[in-house]
Amino acid sequence: MTTSEPSASQGQSTLTSKDALSRLLELIRGIQSVNDVTPEYMGKVMGTKITVVDAEKYGFGQSFSKDWAGGIQRSKLVSGETQLDFSFTSKPGEQPSAAEVCDPDFGQFTAELEAMGLARQSHYGEHGRWLYDYFDGRKMHVEVHAMDVSPQVQGDNKATAKACVKMVTVR
(Lines give C-alpha, C1' and ligand atoms only; values in the text may rest on other atoms or scores of the structure.)
Protein backbone atom coordinates (compact mmCIF):
# COMPACT_ATOMS: atom_id res chain seq x y z
CA MET A 1 0.00 0.00 0.00
CA THR A 2 1.23 3.46 -0.76
CA THR A 3 0.57 6.57 1.27
CA SER A 4 1.41 9.03 -1.47
CA GLU A 5 -1.04 11.54 -2.90
CA PRO A 6 -3.16 9.90 -5.61
CA SER A 7 -3.28 11.62 -8.96
CA ALA A 8 -6.56 12.71 -10.51
CA SER A 9 -5.84 10.51 -13.52
CA GLN A 10 -6.08 7.42 -11.32
CA GLY A 11 -9.75 8.17 -10.74
CA GLN A 12 -9.27 7.92 -6.99
CA SER A 13 -11.01 10.43 -4.76
CA THR A 14 -8.99 12.07 -2.03
CA LEU A 15 -10.56 11.84 1.40
CA THR A 16 -10.11 14.23 4.29
CA SER A 17 -8.98 12.64 7.54
CA LYS A 18 -12.46 13.35 8.94
CA ASP A 19 -14.04 11.53 5.97
CA ALA A 20 -11.69 8.57 6.47
CA LEU A 21 -12.50 8.17 10.19
CA SER A 22 -16.23 8.70 9.68
CA ARG A 23 -16.32 6.17 6.85
CA LEU A 24 -14.27 3.71 8.91
CA LEU A 25 -16.97 3.91 11.58
CA GLU A 26 -19.60 3.34 8.87
CA LEU A 27 -17.65 0.32 7.60
CA ILE A 28 -17.47 -1.18 11.13
CA ARG A 29 -21.17 -0.42 11.71
CA GLY A 30 -22.10 -2.35 8.56
CA ILE A 31 -20.29 -5.63 9.29
CA GLN A 32 -20.66 -8.53 11.68
CA SER A 33 -17.02 -9.59 11.36
CA VAL A 34 -13.90 -8.49 9.50
CA ASN A 35 -14.51 -11.34 7.04
CA ASP A 36 -17.48 -9.33 5.71
CA VAL A 37 -15.09 -6.69 4.31
CA THR A 38 -14.65 -7.28 0.57
CA PRO A 39 -12.76 -4.96 -1.79
CA GLU A 40 -16.12 -3.88 -3.25
CA TYR A 41 -17.64 -3.13 0.16
CA MET A 42 -14.53 -1.28 1.33
CA GLY A 43 -14.47 0.83 -1.83
CA LYS A 44 -18.18 1.62 -1.64
CA VAL A 45 -18.11 2.68 2.02
CA MET A 46 -14.75 4.48 1.91
CA GLY A 47 -15.66 6.14 -1.39
CA THR A 48 -12.31 5.48 -3.01
CA LYS A 49 -10.61 3.06 -5.37
CA ILE A 50 -9.21 0.01 -3.60
CA THR A 51 -5.90 -1.55 -4.62
CA VAL A 52 -6.16 -5.35 -4.62
CA VAL A 53 -2.85 -7.13 -4.10
CA ASP A 54 -4.50 -10.56 -3.91
CA ALA A 55 -7.72 -12.12 -2.58
CA GLU A 56 -6.55 -11.66 1.00
CA LYS A 57 -4.79 -8.28 0.85
CA TYR A 58 -6.31 -5.01 -0.31
CA GLY A 59 -6.84 -1.40 0.71
CA PHE A 60 -5.77 2.15 -0.07
CA GLY A 61 -3.46 4.86 1.19
CA GLN A 62 -3.14 8.58 0.63
CA SER A 63 -1.77 11.84 2.00
CA PHE A 64 -4.16 13.81 4.21
CA SER A 65 -1.90 16.86 4.57
CA LYS A 66 1.76 17.79 4.13
CA ASP A 67 2.49 16.14 7.50
CA TRP A 68 0.07 13.20 7.64
CA ALA A 69 -0.72 10.18 5.48
CA GLY A 70 -2.65 7.03 6.18
CA GLY A 71 -4.81 4.29 4.88
CA ILE A 72 -6.71 1.11 5.43
CA GLN A 73 -5.71 -2.45 4.62
CA ARG A 74 -7.36 -5.83 5.04
CA SER A 75 -5.00 -8.77 5.14
CA LYS A 76 -4.65 -12.34 6.34
CA LEU A 77 -2.02 -12.83 9.03
CA VAL A 78 0.42 -15.75 9.19
CA SER A 79 -1.80 -17.15 11.96
CA GLY A 80 -4.65 -17.35 9.43
CA GLU A 81 -6.60 -14.60 11.19
CA THR A 82 -8.06 -11.83 9.03
CA GLN A 83 -7.29 -8.28 10.14
CA LEU A 84 -8.28 -4.78 9.07
CA ASP A 85 -5.82 -1.98 9.89
CA PHE A 86 -6.32 1.77 9.64
CA SER A 87 -3.62 4.23 10.69
CA PHE A 88 -2.30 7.75 10.41
CA THR A 89 1.45 8.14 9.91
CA SER A 90 3.82 11.08 9.83
CA LYS A 91 7.21 11.33 8.18
CA PRO A 92 9.91 9.34 10.00
CA GLY A 93 11.59 11.46 12.65
CA GLU A 94 8.87 14.13 12.49
CA GLN A 95 6.46 14.91 15.33
CA PRO A 96 3.82 17.19 13.81
CA SER A 97 0.70 18.27 15.65
CA ALA A 98 -2.09 15.78 15.09
CA ALA A 99 -4.71 18.55 15.14
CA GLU A 100 -5.28 18.25 11.40
CA VAL A 101 -6.21 14.54 11.69
CA CYS A 102 -8.07 14.77 15.02
CA ASP A 103 -11.71 15.01 13.95
CA PRO A 104 -13.42 13.01 15.26
CA ASP A 105 -11.10 12.84 18.25
CA PHE A 106 -10.40 9.68 20.26
CA GLY A 107 -13.33 10.25 22.65
CA GLN A 108 -15.84 10.89 19.87
CA PHE A 109 -14.62 7.94 17.79
CA THR A 110 -14.72 5.47 20.71
CA ALA A 111 -18.15 6.75 21.83
CA GLU A 112 -19.45 5.77 18.38
CA LEU A 113 -18.12 2.24 18.83
CA GLU A 114 -19.87 2.00 22.20
CA ALA A 115 -23.08 3.31 20.60
CA MET A 116 -22.85 0.35 18.17
CA GLY A 117 -23.16 -1.94 21.20
CA LEU A 118 -19.50 -2.92 21.36
CA ALA A 119 -18.27 -3.48 24.95
CA ARG A 120 -15.31 -1.28 25.93
CA GLN A 121 -12.24 -2.24 27.96
CA SER A 122 -8.76 -0.78 28.36
CA HIS A 123 -5.53 -2.69 27.76
CA TYR A 124 -2.51 -1.94 29.95
CA GLY A 125 1.15 -2.83 29.53
CA GLU A 126 4.07 -2.96 31.89
CA HIS A 127 3.88 -0.83 35.06
CA GLY A 128 0.16 -0.26 34.48
CA ARG A 129 0.76 1.97 31.43
CA TRP A 130 -2.37 2.37 29.29
CA LEU A 131 -1.82 1.14 25.72
CA TYR A 132 -5.22 1.25 23.99
CA ASP A 133 -8.94 0.68 24.41
CA TYR A 134 -10.62 -2.27 22.79
CA PHE A 135 -14.19 -3.07 21.93
CA ASP A 136 -15.78 -6.50 21.59
CA GLY A 137 -19.11 -7.46 20.11
CA ARG A 138 -20.81 -9.26 17.29
CA LYS A 139 -17.86 -11.29 15.92
CA MET A 140 -15.30 -8.48 16.21
CA HIS A 141 -12.48 -7.23 18.37
CA VAL A 142 -11.65 -3.56 17.65
CA GLU A 143 -8.52 -1.91 19.10
CA VAL A 144 -8.22 1.88 19.06
CA HIS A 145 -4.82 3.44 19.78
CA ALA A 146 -4.48 7.13 20.60
CA MET A 147 -1.91 9.85 20.07
CA ASP A 148 -1.72 13.25 21.72
CA VAL A 149 -2.78 16.16 19.55
CA SER A 150 0.63 17.67 20.27
CA PRO A 151 3.43 15.18 20.97
CA GLN A 152 5.45 17.89 22.74
CA VAL A 153 2.93 18.07 25.63
CA GLN A 154 4.71 17.19 28.86
CA GLY A 155 4.08 16.86 32.59
CA ASP A 156 0.85 18.18 34.13
CA ASN A 157 -0.36 19.48 30.75
CA LYS A 158 -0.48 15.88 29.42
CA ALA A 159 -3.60 15.15 31.52
CA THR A 160 -5.58 17.82 29.65
CA ALA A 161 -4.13 17.15 26.18
CA LYS A 162 -6.64 16.15 23.52
CA ALA A 163 -6.26 12.57 22.30
CA CYS A 164 -6.60 11.70 18.62
CA VAL A 165 -7.05 8.38 16.83
CA LYS A 166 -3.68 7.00 15.71
CA MET A 167 -4.55 3.43 14.69
CA VAL A 168 -7.56 1.11 14.54
CA THR A 169 -7.28 -2.66 14.21
CA VAL A 170 -10.29 -4.92 13.63
CA ARG A 171 -10.06 -8.70 14.03
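The values are calculated or read from the model by the stated rules, or taken from the named source; none is laboratory data. Predicted model only: the values in this text are computed from it and were never measured. When we count neighbours, we look across all protein chains shown, and the Cβ atoms used for this are built from the backbone with ideal geometry, even at glycine. With ligands, DNA and RNA removed, areas are computed over all heavy atoms of the protein, side chains included. Shrake-Rupley method; radii C 1.70, N 1.55, O 1.52, S 1.80 Å.
What FRET efficiency would be calculated for the residue pair Gln121, Lys44, taking the C-beta separation as r and a Förster radius of 25 Å, to the nearest 0.05?
Rounded to the nearest 0.05, the efficiency is 0.20.
Sorted by packing (mean other beta-carbon atoms within 10 Å per residue), highest first, where do 48-55, 20-27 land?
Final packing ranking: 20-27, 48-55.
Carbon and sulfur atoms: what percent of the 1.4 Å accessible area of the chain do they account for?
The nonpolar share, carbon plus sulfur, comes to 49 percent.
Distance check, please: which entries in Lys18/Lys91; Lys49/Lys162; Lys18/Lys162; Lys76/Lys139 exceed 25 angstrom between their Cα atoms?
Lys49/Lys162
Given a 1.4 Å probe and the protein chains all in place, what does the accessible area of Glu81 round to, in Å² to the nearest 10?
Its heavy atoms expose roughly 80 Å² to the probe.
Based solely on its DSSP helices, what 222 nm [θ] is calculated for the chain when runs of n ≥ 4 H residues each add -39,500 (n - 2.57) and the sum is averaged over all residues, nearest 500 deg cm²/dmol?
Value at 222 nm, helices only: -5500 deg cm²/dmol.
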